[in-house]
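Each reported figure results from applying straightforward, stated rules to the coordinates on display, with no laboratory input. Here the structure is a predicted model, which is why all the values come from computation and not from measurement. All Cβ positions, glycine included, derive from the backbone under ideal geometry; neighbour counts span all protein chains shown.
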Amino acid sequence: MKKEIHPEYTETKIVCACGNAINTKSTVKDLRVEICSECHPFFTGKEKLVDTAGRVERFNRKYGLAKGQK
């Protein structure tokens, strides 16, 4: 690697809007994010799947799939 052309890789702190703080290394100093793995619905198990306009039922009717059939 050439000297003096690469950014400095230093300790940084990533802070989420929920207050969770993560210490890591980065070329960017102190990051603020809106969502992290501690508050994201997918990782916390609070994710809600919304079936808009009955798409799943319409698909099952169209292709003749019964409930519980694989």
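Table for the structure above
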read-out: Ratio of Rg to Rh over the stretch 1-44 (Cα coordinates, Kirkwood Rh, two decimals); value: 1.16
read-out: Added length on full extension, which subtracts the Cα-Cα distance from 0.36 nm per residue, Lys3 to Lys62; value: 14.9 nm
read-out: Qualifying GluC sites (Glu not before Pro) in the stretch 2-40, DSSP loop, other Cβ atoms within 10 Å at most 15; value: Glu4, Glu8, Glu34, Glu38
read-out: Spin-label model distance (nm) - Ile22 vs His40, 7 Å beyond Cα toward Cβ; value: 0.8
